[in-house]
Every structure is written in C-alpha cells, then in structure tokens.
Amino acid sequence: MNPGDRDIIDLSMNEGEPPSRACLEVLERHGPALLRKYADPAPLEAAYAAYLGTDPANVLATTGGDDAIDRVFRAFLAPGREMVFPTPTFEMVPACARMARGDLVPIEYDWGTLPHDDILAAVNQRTGVVAVLTPDNPTGCAFTTESLLRLAAALPPEVTLMVDLAYAEFADEDPTPALLEVPRAIMIRTMSKSWGLAGLRVGFAVGAKERIDVLRGYGGPYALTGPSIAIALDRLRNGVDEMREFVEYIRTRRERLDALLWDVGGVPGQSQTNFVLCSFTDARWIHRGMAAQGVLVRYFAHLPEYVRITVPRDDAEFRRVERALRCLDRPEALLFDMDGVLADVRRSYREAIVRTCASFGVEAGHDLIEAVKAAGQANDDWAVTHGVLARAGVRASLEEVTERFEELYQGTEAEPGLRRHETLIPMRELLEGLAQVFKLGVVTGRPRADAERFLREHGVRGLFGAVVCREDAPLKPDPAPVRLALERLEVRSAWMLGDTPDDVRAAVGAGVVPVGVVPPGGGETVWTALEEAGAARIMTAEPDFGGLFHG
C-alpha cells in the first residue's frame, strides 16, 4: 500500500517515545572523535548494572536484544540439541535457534499462565535452552516471578533458562532481581522499547557471571557503536525519570486504547506491554483498512484473528487511531465507482472498446481489456482503447478513436447505442437503505452527462449527495476526485468501492478505506490486482454486495 504523501503513523513495531533533544546534544558534545574510535562497552555495562542493581560482571552489552538472543543459542544449542518454548513467541527466538542448528520444541498453552508442567514434560537430555518471554510478544501477557522461579528450580542444571524481558519496564513486576539469583538464568534486556532508542540497537544479556562470560566469546569485542554507547549512557545517567514517566503514560493510554477497541468490536488481551493484541471478527480488514488511512499495525499470518497495536504515544496519534478504527466500524460515507460497481458495463463500455478496436482491424477480447484495467492507469476508456490500438500498431489519433467509440456507445439515428444495455448492479432497495445510514457519493471517470443519465434512468440519483465526474478533477488514481467527494459530502471518513487498482490507489491517497469489487464477469486477474493495490477487503459485485453492509 502506498498512502501517498500523507503522514504515516507506524504502530506495528512497538517502538517507544522518540528520545529528547538531549540525545543529539550528547553527540554534539563528543564531536567527531566519537566516530573515529572503537567504543569501549564497559562504561555502559557498568551503568546498566547500576540501573538493575547488580554487578557489571553480570551484564553484557549487545547489538540490541536480538544479538543477545543469538549468542544464547549459539552458546547453548547445537545440532541435536533442543530449544523448548511457549508459542506464539517473538519471531527472533525460533529464528536464532534455527540459525544455531538447534531443534524447536514449541509448547501450545493458554496465554497468560506459564505452562510449567508442559515445559517440564518436554525437557529431556537433548534440551539445551528453555526460552520464555515475559511480558510476551505478541500476546502482551506476563508471567509471575513466582512461576518463573518455580520453573527454574525444576530444570536440570545443564539447561539454560532464557527469559526475554524486553518489555519489563511496562510490566506489573520485574523478575530481574530474583532471576539474578538463579545460576542457569540469562535475561534479555533492551533500550529499544521503554527508552525509545530502537534505532541505536542497544541490548543486554544479564545473568550469572559464568554464563555471561560464555556469551562474551560468541561476539566481537565492539558490538556497539560509539554514538549508541554515548547516548545510552546519557539516558541511564540522566533519563531514568523521563523513561518512567513515559511508562506510566503508556499504562494509562493502554487502558484508553482497550476501551476504544472494545467499542469498535474488538476483544483486547490483558497486556502488560506498550502494545495490545486484539482479536477481531475480520482482523485482516482492520490491518489493511488502517494502513489505507495511514496507520500501520501488525498482522500475523499465524494468528489470523488478531492485530497488534502499539499504544499511541501522544494525543495526535491517538486521535488518528480512533478515527481509523471508527471508520472501519462505521464510516460517515460510502463512495462508489460507477462502472463495474454500480453499473454493469460488460455490454456497454467494455463492448464499445471491443467494437472500436475491431473497426480499426484489431481484435481485443474482454480478457485483454480486463488485464489492461487490472494493470492500472486505465480509468479513461477512450484512452484505454487508444492504447490497445497503438500497441497493435494502429496509427489513429485519440480524437478519432474517441469519436468512433462514442458513436458505438451513445448510438446514432441509424443504430441504438450500447449504453441501452447497462443495468444497475446493486438492488435499489439496498441503496435506499444505505442512504438512510450513510452519506453516499459517486466518484467516476465518466463524463457528467453519462453519469447523471445512468443514475436518473435507474431511479437512484436522489440517493447520492455528491457525484464527481471527469470534468471535476483529475482522473483516478489521482486522489483529488475522492477528496472532492469528501468535501462535497462534508465528511472525513468513508469507504470507497471500486473495481480497479486505480480506484484503490485513489482511495488510499485520500485516506479512504478501499473496498475492492470484482465486477460482473471479472476473474482472478481482477481479484489479484485489487489485492496487490491494497484493497482492505474484496468482494464480488452482487445485488446485495455480498452482504458487506449487513449487520
């Protein structure tokens, strides 16, 4: 999807609050020397150890939490060794285990309760690592310190317990002090989330010195850059209060986000992180529909009922999220393309293209026309016809092609026009019902005379508060005609129903939710093109629109 030149809010990656101006001032103080020298991580490890209340020997600075996870598996897994873990989990956990050539033993469980007995049942002489996330990603659920200690005490001494605490600052309790007393435990920490420093890639492995020393041998001596260390050090020394204020702010906003999600039909999980995993009847609709409005959230193919939404970081972001969700639940307006959505044009416009090409000696079947439309930049049937002829080697002006097309479509005194074959696709009763709930508009590339005539002849003109035609604005995929329809209807939120990629792209560019419509006679080519263009949902053109608006 390409939301054009609009601002994009990325709530798919769980990044924290953008750091303050103080971070840039750190770089200014250090100057170019910071880039010339290899950076010693020892001061950073000491500062983070002080933050956690432990000895620096128990802390290893790594290139983000991913580097720490990777080192654990390379150190304690090998071919024939197994990693046991509750699933779903953070994608880098199984990925790094595979890179270490370890075998995966996933444990399905009821989210929120550590599957203690199931994990122990899976542990055997081949087990090298048990990996647990708390709070968990993507569920957001957290395990109690007591349950983690109980699991650690039951594991064989040769098994490493890796506990990823990337979101620990947001949780109700932090098990770090207790787990530091467990020799087999290694904790993964990061400054990407609550500290808002994801771009610096600063992470840590924390645990007993003996195991941390092993991990030091599985990476280079200078895992972090000078700028990363300098800024992270400054935040640990001067930014702890700022970070904690942000954490409290997110906890409050998380409750507000939960309430909003319930209100629009979602079922949010019990999160202890800076994100909420929420189930919806159609999660993919939420994911793609929000993206079309410039708000990116995370969708997991292996969890098709859910989307993961980072808690908005300020009031402006929250308003954007609320507008996007409420639009998907109930828009103010519905905008319709005309041809293929309101009007069945197989025997009119499409047939006019075929016959016009034939009059110049070129065979152009409906399959070819469908492919041309699916390719995009094809909202003008006169130009489409001219392009087909030009590709076939016919030298004819656009004016000449248009004149011949119009004779076929409009008709002459001797021959009735093909337009007489056009029929209304949706039931008039459906449109009448929709007009009682939503403001309705038409956004079409037709000349105004043709568009108005069709609507009048089928008795539905009075249902549409705005009819935007080719004379009013640039043709789709330019978003201008969609924006004009919103302006004329005096609304901000809408769905746009269209049968071509041009319709979808125009909708996305205008911040409107695109609903793809496969027109009568359309096939897989159209469906795929609409999908790739970014349609939030796709349906076939039917008298009741496939039940899209029912309920």
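The values are calculated or read from the model by the stated rules, or taken from the named source; none is laboratory data. Please read these numbers as outputs of a predicted model, since none were measured by experiment. Neighbour counts are summed over all protein chains in view; Cβ atoms, including those assigned to glycine, are modelled from backbone coordinates with ideal geometry. Heavy atoms of the whole protein, side chains included, go into the accessibility calculation; ligands, DNA and RNA do not. Shrake-Rupley method; radii C 1.70, N 1.55, O 1.52, S 1.80 Å.
Couple of notes before you dig in:
- Verdict on Leu44 being within 17 Å of Tyr222 (Cβ to Cβ), open to solvent by less than 70 Å² (accessible area, probe 1.4 Å) and assigned to a helix (DSSP H, G or I): yes
- Tyr38 passes every criterion in (1) open to solvent by less than 80 Å² (accessible area, probe 1.4 Å); (2) not in a helix (DSSP H, G or I); (3) not charged (D, E, K, R) apart from (1).
- Test result for Glu524, out of contact with any helix residue (DSSP H, G or I) (no Cβ under 7 Å at 6 or more places or on another chain) and free of Cβ contacts under 8 Å to residues at least 24 places away in the same chain: yes
- Residues that are charged (D, E, K, R) and either crowded, with 24+ Cβ neighbours inside 10 Å or closer than 23 Å to Asp136 by Cβ (or both) within region 75-89 comprise just one, Glu82.
Residue-by-condition table, conditions (1) touching a helix residue (DSSP H, G or I) at 6+ places or on another chain (Cβ under 6 Å); (2) on the phi < 0 side of the Ramachandran plot; (3) in a strand (DSSP E or B); (4) touching a residue at least 24 places away in the same chain (Cβ under 8 Å):
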| site | (1), (2), (3), (4) |
| --- | --- |
| Ala131 | yes, yes, yes, yes |
| Asp136 | no, yes, no, yes |
| Glu181 | no, yes, no, no |
| Arg189 | no, yes, yes, yes |
| Lys193 | no, yes, no, yes |
| Phe204 | yes, yes, yes, yes |
| Arg211 | no, yes, no, yes |
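- Long-range neighbours under 8 Å by Cβ, at least six apart or interchain, first residue open to solvent by 20 Å² or more (accessible area, probe 1.4 Å) within region 275-303, second of a type in the set (S, T, N, Q): Leu296/Ser12; Arg298/Ser12
- Verdict on Val159 being of a type outside the set (D, E, K, R), in contact (Cβ under 8 Å) with a residue 24 or more places away in the chain and open to solvent by less than 10 Å² (accessible area, probe 1.4 Å): yes
- Hey, Tyr249 out of contact with any strand residue (DSSP E or B) (no Cβ under 8 Å at 6 or more places or on another chain), open to solvent by 20 Å² or more (accessible area, probe 1.4 Å), hydroxyl-bearing (Ser, Thr, Tyr) and under 30 Å from Ser279 (Cα atoms) or not: yes
- Among residues of region 58-116, those that are in a strand (DSSP E or B) and in contact (Cβ under 8 Å) with a residue 24 or more places away in the chain, counted: 10
- Out of Arg492, Arg461, one residue alone is within 25 Å of Ala324 (Cα to Cα) and basic (Lys, Arg). It is Arg492.
- In region 126-145, of all residues being small (Gly, Ala, Ser) and under 22 Å from Pro177 (Cβ atoms), the one that is most open to solvent (accessible area, probe 1.4 Å) corresponds to Ala142.
- Residues that are open to solvent by less than 40 Å² (accessible area, probe 1.4 Å) and within 42 Å of the chain's Cα centre (by Cα) within region 352-366 comprise Ala352, Ile353, Val354, Ala364, Gly365, listed in sequence order.
- Any pair with Cβ under 6 angstrom, 6 or more apart, that starts in region 419-442 at a residue that is more than 26 Å from Arg492 (Cα to Cα) and ends at one that is open to solvent by 30 Å² or more (accessible area, probe 1.4 Å) and not aliphatic (A, V, I, L, M): His421/Arg347; Leu424/His458; Met427/Pro543
- Arg29 in a helix (DSSP H, G or I), without any contact (Cβ under 8 Å) to a residue 40 or more places away in the chain and over 26 Å from Ala168 (Cα atoms): yes
- The set of residues from region 304-326 being within 27 Å of Thr139 (Cβ to Cβ), of a type in the set (A, V, I, L, M, F, W, C) and without any contact (Cβ under 8 Å) to a residue 60 or more places away in the chain comprises Val307, Ala324.
- Of all the criteria given as (1) surrounded by fewer than 19 Cβ atoms within 10 Å (Cβ to Cβ); (2) closer than 26 Å to Ser348 by Cα, the one not satisfied by Arg483 is (2).
- Within region 337-345, the presence of at least one residue that is closer than 15 Å to His421 by Cα and among the charged types (D, E, K, R) is confirmed.
- Subset of region 281-302 (residues that are more than 17 Å from Ser493 (Cβ to Cβ) and among the aromatic types (Phe, Trp, Tyr)): Tyr299, Phe300
- Being of a type in the set (A, V, I, L, M) and surrounded by fewer than 21 Cβ atoms within 10 Å (Cβ to Cβ) is a property that Leu463 has.
- Single condition Val512 does not satisfy, out of (1) farther than 17 Å from Cys327 by Cα; (2) open to solvent by less than 10 Å² (accessible area, probe 1.4 Å): (1)
- Given (1) surrounded by 18 or more Cβ atoms within 10 Å (Cβ to Cβ); (2) touching a residue at least 24 places away in the same chain (Cβ under 8 Å); (3) not basic (Lys, Arg), index of the condition Asp329 fails: (1)
- Qualifying residue in region 61-71 (condition: open to solvent by less than 20 Å² (accessible area, probe 1.4 Å), of a type in the set (S, T, N, Q) and under 15 Å from Ser228 (Cα atoms)): yes
- Qualifying residue in region 506-527 (condition: farther than 20 Å from Leu434 by Cβ, modelled with pLDDT under 95 and charged (D, E, K, R)): yes
- Restricting the first member to region 452-472 and to residues that are at negative phi, and the second to residues that are in a loop (DSSP other than H, G, I, E, B) and not basic (Lys, Arg), the beta-carbon pairs closer than 6 Å and six or more apart or on different chains are Cys469/Thr444; Arg470/Gly445; Arg470/Pro447.
- Answer from Ala364, Ala371, Ala333, Ala358 - the residue that is over 15 Å from Arg446 (Cα atoms) and in contact with a strand residue (DSSP E or B) (Cβ under 6 Å, 6 or more places away or on another chain): Ala333
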